[in-house]
Amino acid sequence: MAVDMRLPTVKNSMSLSHSAGDRKDLVVPGDVITSDTGFMRGHGTYVDEDKLTASVAGEVQRVDKLICVRPLKTSRFNGEVGDVVVGRITEVQQKRWKVETNSRLDSVLLLSSVNLPGGELRRRSAEDELTMREYLQEGDLISAEVQSVFSDGALSLHTRSLKYGKLGQGVLVQLSPSLIKRQKTHFHNLPCGASIILGNNGFVWLYPTPGQQEEEAGGFYTSLEPVSLSDREVISRLRNCLLALAAHKVLLYDTSVLYCYESSLQHQVKDILKPEVMEEIVMLTQQKLLEHES
């Protein structure tokens, strides 16, 4: 039986110029946000003696006169219109699929909200309903966008764009939704040779960067060609980098993932998740991010 033994090492002290304690936009329950009565009360706040007070720990967000507090850590995904999600088909029902998206309720993908194979634009017929499992079946992974939110909080998805649809070969990493940074695009082709989909629901999909895509498939084409060893190593390294960043509560977006990947190249893939290696890589990543921001 192989035993992994590690000797104690001296930690290199690395100082970060900006600490979380200096941030003015972070509050805990009971903190007074403002005493100005001209502001409107939003989610995560309440009024106590004419003072707007935080009811959750999180980040203060201001939109004109509206003040709300977005929780720093959420176990479940509260979707908004336009969010990019990665989900798994759990059930095929009449004219709809049920999708697990890490939210309180299963999301819904209507048959009328997907592209037909070949990109046909027509009304969905009874034949389409009978062949729904040829498009998507239980266990399939998909990328989609939130189209609307039902009154009970369930999400309605769509895959009408060619960048959405059924996912092929790759690795799914499940993280906290609060660690995903909201950006204009959540689809990134990284220069290391792999691509990443950062779902707002905390599901991250890693896959080899595709070559010539078949647009006639309407989002249902998945390549089943063998993935090369070098691509598998890159994806495995990215997967361990994501887990390391998540363990240290670092926001995940294309720049932070790429910096973490570059910082990990001096270590083997299997060593990245060792506590002392993980801490070293994350500290280097945070330093690079601070230099990039300044």
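The values are calculated or read from the model by the stated rules, or taken from the named source; none is laboratory data. Since we're looking at a predicted model, the values are computed, not measured. All Cβ positions, glycine included, derive from the backbone under ideal geometry; neighbour counts span all protein chains shown. With ligands, DNA and RNA removed, areas are computed over all heavy atoms of the protein, side chains included. Shrake-Rupley method; radii C 1.70, N 1.55, O 1.52, S 1.80 Å.
Give the residues of region 242-281 that are of a type in the set (A, V, I, L, M, F, W, C), assigned to a helix (DSSP H, G or I) and touching a Cys at 6+ places or on another chain (Cβ under 7 Å), sorted by residue number.
Applying the first criterion (of a type in the set (A, V, I, L, M, F, W, C)) to region 242-281 yields 242-247, 250-252, 257-258, 260, 265, 269, 272-273, 277-278, 281.
With the extra rule that they be assigned to a helix (DSSP H, G or I), the set shrinks to 242-247, 257-258, 260, 269, 277-278, 281.
Within region 242-281, Ala244, Leu245, Val257, Cys260, Ile281 meet the criteria.
For region 62-82, which positions are over 17 Å from Leu251 (Cα atoms) and not basic (Lys, Arg)?
Val63, Asp64, Leu66, Ile67, Cys68, Val69, Asn78, Gly79, Glu80, Val81, Gly82
Sort through Lys184, Lys163 and tell me the only one that's modelled with pLDDT of 90 or more and surrounded by fewer than 19 Cβ atoms within 10 Å (Cβ to Cβ). Spell out the reasoning first.
Details: Lys163 fails: modelled with pLDDT of 90 or more.
Every option except Lys184 fails the conditions.
Surrounded by 16 or more Cβ atoms within 10 Å (Cβ to Cβ) and among the basic types (Lys, Arg), is that true of Arg76? I'd like the intermediate steps shown before the answer.
On the way: surrounded by 16 or more Cβ atoms within 10 Å (Cβ to Cβ): no; among the basic types (Lys, Arg): yes.
For Arg76, the condition - surrounded by 16 or more Cβ atoms within 10 Å (Cβ to Cβ) and among the basic types (Lys, Arg) - is not met.
Select from region 158-193 the residues that are farther than 15 Å from Leu245 by Cβ, among the aliphatic types (A, V, I, L, M) and part of a loop (DSSP other than H, G, I, E, B) and write down the one among them that is nearest to the chain's Cα centre (by Cα).
Leu167
Quick one: in region 125-157, which of the residues that are more than 20 Å from the chain's Cα centre (by Cα) and among the hydrophobic types (A, V, I, L, M, F, W, C) is most open to solvent (accessible area, probe 1.4 Å)? So that I can check it myself, show each step before the final result.
Taking region 125-157 as the starting set, the residues that turn out to be more than 20 Å from the chain's Cα centre (by Cα) are 125-138, 150-152.
Next, from what is left, pick out any that are among the hydrophobic types (A, V, I, L, M, F, W, C): 126, 130, 132, 136, 150.
Values: Ala126: 70, Leu130: 149, Met132: 4, Leu136: 5, Phe150: 87 Å².
Top of the filtered list is Leu130.
Within region 59-101, restricting attention to residues that are part of a loop (DSSP other than H, G, I, E, B) and basic (Lys, Arg), which residue is nearest to Ile197 (Cα to Cα)?
That would be Arg76.
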